[in-house]
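Notes follow the structure.
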Amino acid sequence: MALRPDDALLAPSILSADFARLGESLAMLESAGAGVVHVDVMDGRFVPNITLGMPVVAALRKCTRLPLDCHLMIVEPSRYAVAFVEAGADWVSVHQEADPHLHRTLDAIRKAGAKAGVVLNPGTPVETLTDLVGDFDFVLLMSVNPGFGGQSFIPRVLDKVVRLDALRTQRQAPFLIQVDGGVSLNNAADLVRAGADCLVAGNAVFKAGDPTDAIHGLQAAMRQGRA
Ligand code: DX5
Ligand code: ZN
């Protein structure tokens, strides 16, 4: 069984894009060859920032064929996870720290037709996932404290990627490993080498002089990590 997809995926985060021009940003991401669009949903309670909800996801859905990856940084995610799938999300991830009934929420996301992911904050060990293997399609490891774009990468997440990759091999479970926060040319190859399959990048794409070039540069670094 192939435990990792053939190509590493880059998931630009529209949190760093111009919110008044999201349609143009999606067209740019599509023509640049981004794999997935990362959509950060924040509620001002689980994290100290507020972003967007289901109506915006529904509007994004009309503008692109790329998979929409909704990262829910909200309290009580079980109340809204399926509504995000109905709005057009293809991937939905839920923070372990926000949900005491993750097994049920992941199952509901899958039954609604999306890939179900678990997100771990920097301080939450990967070992807390051992009894959920098989119930999620991907794990998102935060490499910053969630809430804002443009923060510095926390290098200790590299060791978490290695440990999660070992768990995946040991259990023969084909889930994806995604990393989010402070991803740049300084760490993309190392993260993929450690076992990551999908890297989220906000500022490294949208604050670059040429976002298309930035996407291609990050993808080249990811391929280098695979080689
Ligand atoms: C942070 C968000 C990230 C953010 C990443 O809470 O989950 O997805 O957009 O932005 P950068 O890549 O700028 O750290
Ligand atoms: Zn995110």
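Bear in mind these aren't lab numbers, they're just calculated from the coordinates by the rules spelled out. Everything quoted here is computed from the prediction, not taken from an experiment. Glycine gets a Cβ as well: all are built from the backbone with ideal geometry, and neighbour counts include every protein chain shown.
The trypsin sites (Lys or Arg not before Pro) of the range 137-227 that meet both conditions, a loop assignment by DSSP and at most 14 other Cβ atoms within 10 Å of the site Cβ, are Arg156, Lys207. In the chain, the DSSP-assigned H stretches of four residues or longer account for a calculated mean residue ellipticity at 222 nm of -10000 deg cm²/dmol, using -39500 (n - 2.57) per stretch and the full residue count as denominator. Give me the net charge of Gln224's neighbourhood, meaning all other residues with Cβ under 12 Å from the Cβ of Gln224; Lys, Arg count +1, Asp, Glu -1. Computed value for this residue: +2.
Classify the chain as rounded, prolate or oblate, taking a ≥ b ≥ c as the square roots of the eigenvalues of its Cα gyration tensor: rounded when a/c is under 1.5, otherwise prolate if a/b is larger than b/c and oblate if not. Verdict is rounded for the chain. Of Phe136, Cys198, Leu52, which is farthest on the positive side of the dipole of the chain, counting Cα position, with +1 on Lys and Arg Cβ, -1 on Asp and Glu Cβ, and the Cα centre as origin? Of the candidates, Phe136 comes out farthest on the positive side. Residues whose amide H comes within less than 5 Å of that of Gly181, counting only those at least five positions distant or on another chain, are Ser143, Val200 (H built at 1.01 Å from N in the peptide plane).
If you add up the charges near Gly23, with Lys and Arg at +1 and Asp and Glu at -1, over every other residue whose beta carbon is less than 15 angstrom from its beta carbon, what do you get? Local net charge: +1. Rounded, prolate or oblate: which fits the range 1-118, taking a ≥ b ≥ c as square roots of the Cα gyration tensor eigenvalues, rounded meaning a/c under 1.5, else prolate when a/b beats b/c? Because a/c hits 1.5 or more and a/b fails to exceed b/c, the range 1-118 counts as oblate.
Ordered by the number of other Cβ atoms lying within 10 Å of each residue's own Cβ, fewest first, Met42, Met54 fall into the sequence Met54, Met42.
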